[in-house]
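This report refers to the structure that appears directly beneath it.
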Amino acid sequence: CAMDWQVLTRELSLYLESQVRVGFFGSGVGLSLVLGFGVAYACYYLNSIAKRPQLVASNDRFCRFLEEYCPVVTETYYPTIWCWEGRVQTLLRPFITSRPQVQYRNELIKTADGGQISLDWFDNNDSSYYPDASTRPTVLLLPGLTGTSKESYILHMIHQSETLGYRCVVFNNRGIAGEELLTPRTYCAANTEDLEAVVHHVHSLHPSAPFMAAGVSMGGMLLLNYLGKTGRDTPLMAAASFSAGWNVFESVESLEKPLNWLLFNYYLTTCLQSSISRHRQMLEKLFDMDLVMKARTVREFDKQFTSVMFGYRSIDDYYEDSSPCRKLKSVGIPVLCLNSVDDVFSPAHAIPVETAKQNANVALVLTSCGGHIGFLEGIWPRKCTYMDRVFKQFVQAVFEHGNKIFSM
């Protein structure tokens with residue numbers, strides 16, 4: 001038996017070597033296998049991966065407005081064919097997408113409690129569409145949890161706005177954009193005081209300019225919580241959120257699953273710790289920083305630091321107050337919310353579809369793929385993502401045709 005096995009192995013080895021010598025594809029068998037696999041994969045991709053997003057909106061006028069002026073939300077989204085799975089899109093986007101060059105003008109504004117906020121302005125003074133700065137449309141951008149104006153997705157939003165002639169200003173949360181903390185306070189998704197101050201500051205500088213906002217990830221959560229609090233009492237014409245976490249309880253539970261903890265949770269926790277370590281001397285006045293720096297999950301960090309900083313009795317109280325799904329019914333201006341149902345940061349079952357149907361100001365756009373701030377498309381998705389296109393079309397629709405939805 002041993003001899004037979006050796007003979008069989010040798011014959012198989014000689015056959016494979018001969019196939020290599022004539023060329024795998026030249027044999028016909030290899031070419032057939034590759035073509036067969038390619039056809040099968042293409043069928044699977046077109047039938048199961050590439051799909052039109054689900055548009056959820058109770059207001060027929062809002063739907064017609066989006067269909068006419070923001071048609072990308074009704075077109076089939078073709079994720080990058082070799083990179084469509086949510087986790088992979090989330091991990092690769094920062095490395096694949098380009099980083100457009102943007103020259104900022106920084107402004108530090110004081111807050112009522114003695115702190116300071118860093119704003120990065122892209123004035124777009126070369127705008128040929130809106131040469132008058134007093135009436136140039138302005139977009140307020142809110143980055144994610146530990147993000148700043150340097151994030152690639154923010155740079156791409158500014159690039160899209162630049163081509164349309166708009167001005168942008170990026171709201172950097174306290175203490176993460178290089179400025180010093182003047183008080184022992186940072187930020188969270190539930191507390192909207194700093195955002196309120198920024199909105200009114202920007203509006204006071206350009207009261208005649210059309211004004212809207214867009215938030216990404218935690219920036220989207222903060223923006224939605226602000227809109228839920230203010231209703232119609234805001235100078236913002238409209239808003240957009242991208243990859244917002246709707247229910248924080250569900251988000252942290254998803255991130256604590258073993259694979260998600262390994263890929264995202266631990267890294268995000270270290271980023272949070274890094275963002276406050278530079279301000280340790282100031283924060284040690286109120287916190288046991290050694291205990292905070294031992295956190296190994298976002299939940300542990302929030303329990304020891306964030307919920308305590310903002311005076312919540314428990315982490316559950318903080319998470320409940322942070323969840324935009326609980327305030328969506330009170331949003332009083334048109335808002336477009338883009339999420340992917342395979343986003344581990346915001347699980348599909350936590351997206352408030354039924355609540356959105358009860359508010360005529362809200363439209364949800366739900367893609368089957370895209371991950372968290374991924375939305376990669378094209379063979380080599382370096383320059384523009386599906387999210388970028390949704391952003392560009394929606395802000396242009398609001399600034400140039402918004403009167404058709406503001407009478408809702």
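The values are calculated or read from the model by the stated rules, or taken from the named source; none is laboratory data. Please read all numbers here as calculations on a predicted model, not as lab measurements. We place every Cβ from the backbone using ideal geometry, glycine too, and count neighbours over all the protein chains shown. Keep in mind that these areas ignore ligands, DNA and RNA; they rest on the heavy atoms of the full protein, side chains included. Shrake-Rupley method; radii C 1.70, N 1.55, O 1.52, S 1.80 Å.
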ask   = Any residue at all in the stretch 194-206 that is modelled with pLDDT of 95 or more and over 17 Å from Leu119 (Cβ atoms)?
value = no
task = Mind counting the residues in the stretch 155-172 that are open to solvent by less than 10 Å² (accessible area, probe 1.4 Å) and out of contact with any strand residue (DSSP E or B) (no Cβ under 8 Å at 6 or more places or on another chain)?
result = 2
note = Taking the stretch 38-65 and the residues there that are open to solvent by less than 90 Å² (accessible area, probe 1.4 Å) and not in a helix (DSSP H, G or I), the one that is farthest from Ala348 (Cα to Cα) would be Asn59
remark   = Per the filter on the stretch 374-399, residues out of contact with any Ser or Thr (no Cβ under 7 Å at 6 or more places or on another chain) and acidic (Asp, Glu) are Asp388
request  = State all residues of the stretch 370-384 that are open to solvent by 10 Å² or more (accessible area, probe 1.4 Å) and not in a strand (DSSP E or B); if no residue qualifies, say none.
outcome  = His372, Ile373, Gly378, Ile379, Trp380, Arg382, Lys383, Cys384
task = Just name the residue that is nearest to Leu263 (Cα to Cα) out of those in the stretch 288-324 that are hydrophobic (A, V, I, L, M, F, W, C) and open to solvent by 60 Å² or more (accessible area, probe 1.4 Å).
result = Leu291
task = Assess whether Asp126 counts as being assigned to a loop (DSSP other than H, G, I, E, B), surrounded by fewer than 15 Cβ atoms within 10 Å (Cβ to Cβ) and in contact (Cβ under 8 Å) with a residue 40 or more places away in the chain.
result = no
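With Lys392, Lys357, Lys404, Lys327 as the choices, which residue is at pLDDT below 95, open to solvent by 30 Å² or more (accessible area, probe 1.4 Å) and among the charged types (D, E, K, R)? Before you say what the answer is, go through the steps one by one.
On the way: Lys392 fails: at pLDDT below 95; Lys357 fails: at pLDDT below 95; Lys327 fails: at pLDDT below 95.
Sole residue among the options that is at pLDDT below 95, open to solvent by 30 Å² or more (accessible area, probe 1.4 Å) and among the charged types (D, E, K, R): Lys404.
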task = Select from the stretch 66-96 the residues that are open to solvent by less than 40 Å² (accessible area, probe 1.4 Å) and either touching a His at 6+ places or on another chain (Cβ under 7 Å) or without any contact (Cβ under 8 Å) to a residue 24 or more places away in the chain (or both) and list them in ascending order.
result = Thr74, Thr90
ask   = Which condition does Lys285 not pass, out of (1) open to solvent by less than 40 Å² (accessible area, probe 1.4 Å); (2) part of a loop (DSSP other than H, G, I, E, B), if it passes all the others?
value = (1)
query = Cβ-Cβ below 8 Å, separation at least six or inter-chain, first residue in the stretch 311-334 and in a loop (DSSP other than H, G, I, E, B), second among the charged types (D, E, K, R): which pairs?
reply = Tyr312/Asp321; Lys327/Lys229; Gly332/Arg232; Gly332/Asp233; Ile333/Arg232
inquiry  = Step by step: first the residues of the stretch 180-209, then only those that are within 23 Å of the chain's Cα centre (by Cα) and among the polar types (S, T, N, Q), then the one that is surrounded by the fewest Cβ atoms within 10 Å (Cβ to Cβ). Which residue is that?
reply    = Thr192
note = From the option list Leu141, Leu119, single residue qualifying as assigned by the TED database to the domain that holds Gln103, open to solvent by less than 10 Å² (accessible area, probe 1.4 Å), closer than 26 Å to Arg382 by Cβ and in a strand (DSSP E or B) is Leu141
